[in-house]
Amino acid sequence: LNFADISRDVGIAPNTAKAWLAILETSGIVYLLRPYFKNITKRVVKKPKIFFADTGLCAYLTGWETPQTLSMGAMSGSFFETFVITEIIKSYRHNGLDPSFYYYRDQAGVEIDLLIERNGELYPVEIKKTSNPSKNDVAAFSKIPNLSYGSLVCLTDRPRPLTDAACGISVWDM
């Protein structure tokens, strides 16, 4: 999320863009996933990622309106990630829990799509639109110290162990 780029593209002041985004976030239309950078090197990305809570609205606004386009298009992985993250958020909120969610990305390219903080533990979640998960998909988990057991949410047909510290799970079993 880059407010300078948004304000320039739309032709408004950055503070106006921030105010409008705050309204969208408060109303539940978008979710800002903040970066995790506690006790880790200063060389991490510190800008939030924005997700639409309604992937249908997101598809409409981007003009990706058919199932074929959403499943096979260049942005299909991003739509899949948006769907998974917003469904996890909805699950937490439905159960009366306030989600403590983050993402991690450093300047060396190490990235984890979602970090769930629960009872002082960090659970990494990677999201890939693949039906054949591998241990390479969760390689970033080993690059950050003190993470708990992690998951790769994907299109697999059954749970699959990937490493000693992570497994692949079906998006439909979340």
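With the structure loaded, tell me whether residue 69 is under 19 Å from the mean Cα position of the chain (by Cα), part of a helix (DSSP H, G or I) and either under 19 Å from residue 140 (Cβ atoms) or not aliphatic (A, V, I, L, M) (or both) or whether it fails that test.
Numbers: under 19 Å from the mean Cα position of the chain (by Cα): no; part of a helix (DSSP H, G or I): yes; either under 19 Å from residue 140 (Cβ atoms) or not aliphatic (A, V, I, L, M) (or both): yes.
Taking the combined requirement at face value, the residue does not satisfy it.
When you go through 21, 61, 33, 97 one by one, which is the residue that is farther than 27 Å from residue 171 by Cβ and not small (Gly, Ala, Ser)? Can you show your working first?
Values: 61 fails: farther than 27 Å from residue 171 by Cβ; 33 fails: farther than 27 Å from residue 171 by Cβ; 97 fails: farther than 27 Å from residue 171 by Cβ.
Matching residue, one of 21, 61, 33, 97: 21.
I'd like to verify a number: residues in the range 54-83 that are surrounded by 18 or more Cβ atoms within 10 Å (Cβ to Cβ) and among the acidic types (Asp, Glu), how many?
1
State all residues of the range 17-30 that are touching a helix residue (DSSP H, G or I) at 6+ places or on another chain (Cβ under 7 Å) and either open to solvent by 70 Å² or more (accessible area, probe 1.4 Å) or part of a helix (DSSP H, G or I) (or both); if no residue qualifies, say none. I'd like the intermediate steps shown before the answer.
Initial filter on the range 17-30 (touching a helix residue (DSSP H, G or I) at 6+ places or on another chain (Cβ under 7 Å)): 17-18, 30.
Correct list: 17, 18.
The values are calculated or read from the model by the stated rules, or taken from the named source; none is laboratory data. Not measured: the values here are computed from a predicted model. As a convention, Cβ positions derive from the backbone with ideal geometry for all residues, glycine included, and neighbour counts pool all protein chains shown. Just the protein is used for accessible areas: all its heavy atoms, side chains included, with ligands, DNA and RNA removed. Shrake-Rupley method; radii C 1.70, N 1.55, O 1.52, S 1.80 Å.
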